[in-house]
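Engineer: Here you go, one structure.
The values are calculated or read from the model by the stated rules, or taken from the named source; none is laboratory data. Note that the structure is a prediction, hence the values are computed from the model and not measured. No Cβ is skipped: glycine too gets one built from the backbone with ideal geometry, and neighbour counts run over all protein chains shown. Note: areas computed on protein heavy atoms with side chains; ligands, DNA, RNA excluded. Shrake-Rupley method; radii C 1.70, N 1.55, O 1.52, S 1.80 Å.
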Amino acid sequence: MVKPIWIKNIHQLATLASKEEGPRSKSAMSELGLIEDGSLWIEDGIIQAVGSTKEIEAQYATRLQEAEIVDATGHLVTPGLIDPHTHVAYGGSREREFEMRLEGVPYMDIMNAGGGIHATTRMTRESTEEELINQTTKRLDSFLQHGVTTVEGKSGYGMNLETELKQLRVMKLLQDVHPIDLVPTFMGAHAVPPDYKGKEEEFIDHLINDMLPVVADEKLAEFNDVFCEKDVFTPEQSERILEAGKKYGLIPKIHADEIVPYGGAELASKVGAISAEHLLKASDEGIKAMAESGTIACLLPATALYLREEAANGRKMIDEGVAVAISTDCNPGSSPTTSMPLVMNLACISMRMTPAEALTAATYNAACAVNRQDRIGSLEVGKQADVVLWNVKSYQELQYLFGVNHTKAVWKKGVKVVG
């Protein structure tokens, strides 16, 4: 029989519980459901009780001796962090491009010359399934060490049916064997392959008619994403791809307005996308449209830092009523990191979000961005026991001490996987 887990004497328990339903915006992003001297009671991987230590002691007075006791005196406890935007399953590495960008070569120039996404596509196509599993497992292990318990993962480094399916099948396999929950997204529309240059519509036909049906039939993805950007896919082409995915039950996501203002935020709202990603150059009209439609802004401050670009205007988006989530954008070209704590720090520093907003963006709103808010993202009775014990005493200290991994212990579905 598995013992119950009693985490007690928590200096600050950030439950993220709220009466608000759905993605949180404006002042709701600052409501963390804090409990001082808090406690959690966990059984069978599910949270059974949340409250003060005195309340849990009274509630389970006759059963306290059954529990595995964790004394969290002087520590912060939060829900497991959620990364709602990654490209975690890929082959190879692109460290030479890092040097090229430091020498002044623009990202899109590298890509158009056969580097960037195209370089990783070649390396991913050449990688065996076993090699992809090994590389992706190392990244997932690192995520876990940084307090991340759920990761969205996109395909998109295949851009042909064989490799797109290989990426998605690797993620499906790892979902079954790795402690982290993997949420799969099909992103065949990451770029137009070089062999389809000048034949973009032909590639889109191939994606819609040949790739999407197989992905849907094998139930390999929940979301459909597209890189809507100048010299990649136009808003019209992106809409066509996303609407096609909806016919197969795939929920739209969209890489939007990263390099230039391109109407991506507006399109996200039009097609009912659950989230729009990047948004460094989103227009005022696009931000307003997202606020009205409820599309979540998934912001990636580490990517902006790595590309030496100005970060998305998270402050404006929150103030305008957009629900904001944040992510590492873990990928080989523009954000090769697995540190969500660093991303929270950067959200405060480069996007002027408050520490409370950053924590909400990395937990509850991130859960909404992957359609998992009914089971993760907050510490509430009946939810999955994805819990992080931090080596700091408060959420303010977590955001204040930047660039340091403060993870002390992690429980995934009630099982200790770190610490």
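Engineer: For the range 110-141, how many residues meet the condition of being assigned to a helix (DSSP H, G or I), surrounded by fewer than 19 Cβ atoms within 10 Å (Cβ to Cβ), of a type in the set (A, V, I, L, M, F, W, C) and at pLDDT below 95?
Structural biologist: Here the count works out to 1.
Engineer: Quick one: in the range 160-180, of everything that is β-branched (Val, Ile, Thr) and open to solvent by less than 50 Å² (accessible area, probe 1.4 Å), which residue is farthest from residue 124 (Cα to Cα)? So that I can check it myself, show each step before the final result.
Structural biologist: From the range 160-180, those β-branched (Val, Ile, Thr) are 163, 170, 177, 180; that's our starting set.
Filter again for open to solvent by less than 50 Å² (accessible area, probe 1.4 Å), leaving 163, 170, 180.
On the way: 163: 7, 170: 12, 180: 22 Å.
In this case the residue turns out to be 180.
Engineer: Okay, next question. Restrict the check to the range 309-326 and report whether at least one residue is open to solvent by 50 Å² or more (accessible area, probe 1.4 Å), in contact with a helix residue (DSSP H, G or I) (Cβ under 8 Å, 6 or more places away or on another chain) and either assigned to a strand (DSSP E or B) or touching a residue at least 60 places away in the same chain (Cβ under 8 Å) (or both).
Structural biologist: yes
Engineer: Name the residue that is modelled with the lowest pLDDT, counting only residues in the range 399-418 that are among the small types (Gly, Ala, Ser) and outside any strand (DSSP E or B).
Structural biologist: Step one: list which residues in the range 399-418 are among the small types (Gly, Ala, Ser), which gives 403, 409, 414.
Subset that is outside any strand (DSSP E or B): 403, 414.
Details: 403: 91, 414: 98.
In this case the residue turns out to be 403.
Engineer: Do the conditions hold for residue 379, that is, is it open to solvent by less than 20 Å² (accessible area, probe 1.4 Å), among the aliphatic types (A, V, I, L, M) and assigned to a loop (DSSP other than H, G, I, E, B)? Write out each step before concluding.
Structural biologist: Working: open to solvent by less than 20 Å² (accessible area, probe 1.4 Å): yes; among the aliphatic types (A, V, I, L, M): yes; assigned to a loop (DSSP other than H, G, I, E, B): yes.
Yes; evaluated as a whole, the condition is true for this residue.
Engineer: Conditions first: (1) crowded, with 24+ Cβ neighbours inside 10 Å; (2) over 16 Å from the mean Cα position of the chain (by Cα). Residue 348 passes all but one, so which condition is the exception?
Structural biologist: Of everything listed in (1) crowded, with 24+ Cβ neighbours inside 10 Å; (2) over 16 Å from the mean Cα position of the chain (by Cα), residue 348 misses just condition (1).
Engineer: Could you please find all residues in the range 1-27 being surrounded by 19 or more Cβ atoms within 10 Å (Cβ to Cβ), over 18 Å from residue 318 (Cβ atoms) and under 23 Å from the mean Cα position of the chain (by Cα)?
Structural biologist: First pass over the range 1-27, keeping only residues surrounded by 19 or more Cβ atoms within 10 Å (Cβ to Cβ): 4-8, 10, 12-17, 23-25.
So of that shortlist, the ones also over 18 Å from residue 318 (Cβ atoms) come out as 4-8, 10, 12-15, 17.
Result: 13, 14, 15, 17.
Engineer: Taking residue 208 and the conditions (1) at pLDDT 95 or above; (2) assigned to a loop (DSSP other than H, G, I, E, B), which numbered condition does it fall short on, given that it satisfies the others?
Structural biologist: (2)
Engineer: So is residue 392 open to solvent by less than 70 Å² (accessible area, probe 1.4 Å) and either among the hydroxyl-bearing types (Ser, Thr, Tyr) or not in a loop (DSSP other than H, G, I, E, B) (or both) or not? Give the steps one after another, and end with the answer.
Structural biologist: Numbers: open to solvent by less than 70 Å² (accessible area, probe 1.4 Å): yes; either among the hydroxyl-bearing types (Ser, Thr, Tyr) or not in a loop (DSSP other than H, G, I, E, B) (or both): no.
It is false that residue 392 is open to solvent by less than 70 Å² (accessible area, probe 1.4 Å) and either among the hydroxyl-bearing types (Ser, Thr, Tyr) or not in a loop (DSSP other than H, G, I, E, B) (or both).
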